[in-house]
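These notes concern the structure reproduced below.
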Amino acid sequence: MANVEPQTVAAALQWRYATKKFDPVKKIPGETWRALEDALALSPSSIGLQPWKFFVVTDQVMKERLVPAAHQQRQVAECSHFVVLTVRKNLGAEHVEKHIDRMVEVHGVVRESLARFGQMAIRNLDQARAEGRLDVWQTHQIYIALGSFMTAAALLGVDTCPMEGFEPQKFDEILGLTGTDYGSVVACAAGYRSDDDKYATRKKVRFKREDVIVKL
């Protein structure tokens, strides 16, 4: 596998910005989108439990329905693909067993060899539940997936705009999640910037490297 050159990564991260205006005509090609789906599916998570589902909205009618619940932000409707990242709430033994099933399938091992792993995972979830932080812990995992998605998009020349500015309950209603085990956490619009998005040419404002990175 060929490694990406360091300057390529830096250039992609300098190029990306929270796109305010998408070109509604430009759509992400199928092969490119499949790579971005891989970035979501391959995202790391605590204990590998992947407490999420990613809802990809490309239907224009559905995107327009989401706009009012996103405080009228037009990126939702104008982007090529709108991704809603949701968390699996009240994670428990059933989800752990599903993960173990997949481990057995992928690694070709006997289920009994994973007994200690399963016990550890369930014990950690139960402890977090008892301390009232289970859903918060799992929700944090969603942002790892978001970062993976946005970085991969930048490397592929796809624009993104992460969005927390929406009403999760209304998103859940529109997406059919009400009453299920999943809830909306954050979203990300993906596509290609409009030529007249004035924010595209603004210099990126970040603290100096030495102000945020501490070398010990």
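Quick note: the coordinates plus some simple rules give every number you see, no bench work behind them. Because the structure is predicted, anything quoted here is derived from the model rather than measured. Every residue, glycine among them, receives a Cβ derived from its backbone with ideal geometry; neighbour counts consider all protein chains shown.
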What does the charge count around Ile28 come to, taking other residues whose C-beta lies under 12 Å from its C-beta (Lys +1, Arg +1, Asp -1, Glu -1)?
-1
Given charges at beta-carbon only (K, R positive; D, E negative), |dipole| of the chain in Debye:
680
Report Rg(Cα)/(2.2 N^0.38 Å) for the stretch 91-216, keeping two decimals.
1.46
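When the expected Rg is taken as 2.2 N^0.38 Å, what fraction or multiple of it is the alpha-carbon Rg of the chain?
Working: Rg = 19.3 Å, N = 216, 2.2 N^0.38 = 17.0 Å.
Against the empirical 2.2 N^0.38 Å value, I get 1.14 for the chain.
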Determine ³J(HN,Hα), in whole Hz, for all residues of the stretch 159-164 in sequence, where each value follows from phi through the Karplus function 6.51 cos²θ - 1.76 cosθ + 1.60 and θ = phi - 60°; x replaces Gly and Pro.
7, 9, 9, x, 9, 9
So for the stretch 20-212, taking the charge dipole from beta-carbon charges (+1 Lys/Arg, -1 Asp/Glu), which of Gly179, His95, Phe149 sits furthest toward the positive end?
Phe149
Taking 22 Å as R0, compute the FRET efficiency from the Cβ-Cβ separation of Arg206 and Ser45 and round it to 0.05.
0.25
Dipole in debye (nearest 20) - the stretch 18-68, about Cα centre, beta carbon charges: Lys, Arg +1; Asp, Glu -1:
220
Antiparallel as a % of all DSSP beta bridges within the chain, to the nearest 5?
95
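Hey, what number do you get for the chain at 222 nm if only DSSP H runs of n ≥ 4 count, each worth -39500 (n - 2.57), divided across all residues, to the nearest 500?
On the way: 9 runs with 98 residues, N = 216.
Calculated from helices alone, the mean residue ellipticity at 222 nm is -13500 deg cm²/dmol.
In the structure shown, do any of Lys27/Lys208; Lys21/Lys208; Lys63/Lys198 have a Cα-Cα gap over 26 Å, and if so which? Write down the numbers at each step before the final one.
Working: Lys27/Lys208 35 Å; Lys21/Lys208 28 Å; Lys63/Lys198 24 Å.
Pairs exceeding 26 Å: Lys27/Lys208; Lys21/Lys208.
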